[in-house]
Number of protein chains: 2
Amino acid sequence: MNSILLAHGSGGKLQSELIENIILKHFNSPVLKLLEDSAVLKEKVAFTTDSFVVKPVFFPGGDIGKLAIAGTVNDILCSGARPAYISLSLIIEEGFSIDKLETILDSAKCEAKRAGVEVVCGDLKVVEKGKADEIFINTSGIGFIEDGQALSIKKIEVGDKIIASGTIGDHGISILSKREGLQFHSRLISDCASLSNLVKSIHNPAGKIHCFRDPTRGGLGGILAEIARSSNSGIEIEEERIPVKDEVRGACELLGLDPLYIANEGKIVAFVRREDAEDIIKAMKKDENGKDAKIIGEVVGSHPGVCLLITKIGGKRIIDLPRGELLPRLC
Amino acid sequence: MNSILLAHGSGGKLQSELIENIILKHFNSPVLKLLEDSAVLKEKVAFTTDSFVVKPVFFPGGDIGKLAIAGTVNDILCSGARPAYISLSLIIEEGFSIDKLETILDSAKCEAKRAGVEVVCGDLKVVEKGKADEIFINTSGIGFIEDGQALSIKKIEVGDKIIASGTIGDHGISILSKREGLQFHSRLISDCASLSNLVKSIHNPAGKIHCFRDPTRGGLGGILAEIARSSNSGIEIEEERIPVKDEVRGACELLGLDPLYIANEGKIVAFVRREDAEDIIKAMKKDENGKDAKIIGEVVGSHPGVCLLITKIGGKRIIDLPRGELLPRLC
């Protein structure tokens, strides 16, 4: 492989190989190597970065501005930190409409307010027409971790229940429908949202939650395969418990896609203490972004490193990292 | 003005208007509004972000990887903080060579080591061929501020001496020469470098230094005009004291450019206590990146908000923010 493929950006196996074989060898940081959504620094600071190249920049349920705030806020939340400060860096293609820029900035502002974060620094670059695609946004973020609140895949234990905070695949399919001009699921909108309030309602007191991850690129399946591998845990999820909207299921069947591998932008997967799982579900359901929360599986003592799906007819299927290109530029 | 112009990214007056009129109105953060190189958070953390779109990605004296680390490190240094952690987010055009990517990452690694910072989180996006220009890199950075070490334009006082850490315009002219295939100053290389060691040698003990800024886009003239305006100080600099390499002066004369407005990537402008200026110059000269350091002017009690250049023949010229396009994509 001598050159970058679109699939290298897909959140699947090729991306994972590129990161491990090419990128990580240059940066020998024990924090970076953990590949968690945020780096947790010894000063009890969580630090994360994400560049957004979503296409189209306006989509049902949001735009690149809302997405850039929500995506970075959710990455901070996944470390157990309280999101506090966000940077906003714009790369804009010459000729981009200032009206559209304002709409995007307004979305970012509203989402930052909802999420309880402050945008404190920024940067702006303009490149010639044809040298970027409308607008790319990088947001980096800082959160603060209170004693005992840090989360990590290292805290996952056998017996933990696995919770999905809601229906999966909404973001990916809604972007796809807009991009391809598909009409058959026009009611579907992206789940794009920051989950500060949802997380606040369940991540206190500490100890109940072991690990959070947000199933963005690579989807629920991708994130669970990665967690199984990197924590060397056995994971089992049940197909019939996984919440999927009818529109998403229908679109996936028509297009030959698997909802398990479709991106989400307002969902969280939680690994929680077995005995607290039902209480956590109850608390999540009180939040708009958690109303469809469900226990979808658990961590088992067998098949360490492997995620298995129990299908509706009782079969078992290994859930691996997606290989190759899924849907480019969903975030 | 309905659409984004290249000049909106130039570090001049148009960019400043876009930021003030369009961007800042959405984000009501008192920290962001200061428009310093790093945001200084109440937790004694400095936070900064920068996206790099330099063209070409390899240039005399460096590449986009080295530049991305050095640029962000220098922004953190300008707040008086000790740079500690860096994020690295890549947007890559499909088809980009993995060999080139490795070279860039290796440069970034070496520069991070030199600067004493750790790359702790990252992100990778790939866009279709023709939707970006080879590679764009965002680095954000965190530094920690010790008691009494915070710097700000608010600390500038009448009587302060203004120091330039070395020759100006090297970066901009070396990029231009590579891009345009100019041969007449082939010995010139970019000054691209992180200034951690230089700053460490002079920013301790505290109190001597009032303000640091790195004169990147917009050059020395742009940064001084901005400081004069935002701190409401009167600034006077003397043309004959400003260090400029012969190659840069020659290229500028030929091309009708003013070295004052040409970008630097390894220089710092320091506002220092009058009585300490000579000692600071001596300390700077011991560092490779400060060997051409010079006192170039001072803060005066007259013409608040305005930067004046005393020309070689004794005339006075107002140094304003550059208007319109200078040289696009130098960083």
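The values are calculated or read from the model by the stated rules, or taken from the named source; none is laboratory data. The model shown is predicted, which means the values in this text are computed figures rather than measured ones. Quick reminder, even Gly has a Cβ in these numbers, built from the backbone with ideal geometry, and neighbours come from all protein chains shown.
Structure notes:
- When segment B:75-107 is limited to residues that are aliphatic (A, V, I, L, M), in a helix (DSSP H, G or I) and more than 7 Å from chain A (Cβ to nearest Cβ), the one that is nearest to residue A:133 (Cα to Cα) turns out to be B:104.
- Test: residue in segment A:38-59 that is more than 7 Å from chain B (Cβ to nearest Cβ), small (Gly, Ala, Ser), surrounded by fewer than 22 Cβ atoms within 10 Å (Cβ to Cβ) and in contact with a helix residue (DSSP H, G or I) (Cβ under 7 Å, 6 or more places away or on another chain): no
- Output for segment B:26-61, where each listed residue is within 21 Å of residue A:137 (Cα to Cα) and more than 19 Å from the chain's Cα centre (by Cα): B:26, B:27, B:28, B:29, B:31
- Residues considered: A:282, A:294, A:286. Of these, the only one that is among the basic types (Lys, Arg) and either surrounded by 15 or more Cβ atoms within 10 Å (Cβ to Cβ) or touching a Leu at 6+ places or on another chain (Cβ under 6 Å) (or both) is A:294.
- Looking across segment A:1-17, the residues that are at the interface with chain B (Cβ under 7 Å from one of its Cβ atoms), over 16 Å from the mean Cα position of the chain (by Cα) and either modelled with pLDDT of 75 or more or surrounded by 17 or more Cβ atoms within 10 Å (Cβ to Cβ) (or both) come down to A:2, A:3, A:4, A:5, A:6, A:8.
- Count - residues of segment B:20-36 that are facing chain A (nearest Cβ under 7 Å) and either in a helix (DSSP H, G or I) or farther than 26 Å from residue A:96 by Cβ (or both): 5
- Residue in segment A:25-32 that is free of Cβ contacts under 8 Å to residues at least 24 places away in the same chain, closer than 22 Å to residue A:4 by Cβ and among the hydrophobic types (A, V, I, L, M, F, W, C) present: yes
- Residue count, segment A:108-136 (criterion: more than 30 Å from residue B:129 (Cα to Cα), more than 7 Å from chain B (Cβ to nearest Cβ) and not in a helix (DSSP H, G or I)): 2
- Residue B:87 farther than 23 Å from residue B:226 by Cα, touching a Cys at 6+ places or on another chain (Cβ under 7 Å) and crowded, with 24+ Cβ neighbours inside 10 Å: yes
- The single condition from (1) in contact (Cβ under 8 Å) with a residue 40 or more places away in the chain; (2) more than 26 Å from residue A:130 (Cβ to Cβ) that residue B:11 fails is (2).
- Which numbered condition residue A:17 misses (of (1) outside the structural domain of residue A:137 (by TED's automatic domain parsing); (2) outside any loop (DSSP other than H, G, I, E, B); (3) of a type outside the set (Lys, Arg); (4) touching a helix residue (DSSP H, G or I) at 6+ places or on another chain (Cβ under 7 Å)): (4)
- Across segment B:37-46, not a single residue is classified as under 13 Å from residue A:105 (Cβ atoms) and either assigned to a loop (DSSP other than H, G, I, E, B) or modelled with pLDDT under 75 (or both).
- Condition check for residue B:207: on the phi > 0 side of the Ramachandran plot and not in a helix (DSSP H, G or I): yes
- Considering each residue of segment A:145-155 in turn, at least one proves to be within 14 Å of another protein chain (Cβ to nearest Cβ), modelled with pLDDT of 90 or more and in a loop (DSSP other than H, G, I, E, B).
- Residue, nearest to the chain's Cα centre (by Cα), within segment B:187-202, restricted to residues that are part of a loop (DSSP other than H, G, I, E, B) and surrounded by fewer than 23 Cβ atoms within 10 Å (Cβ to Cβ): B:189
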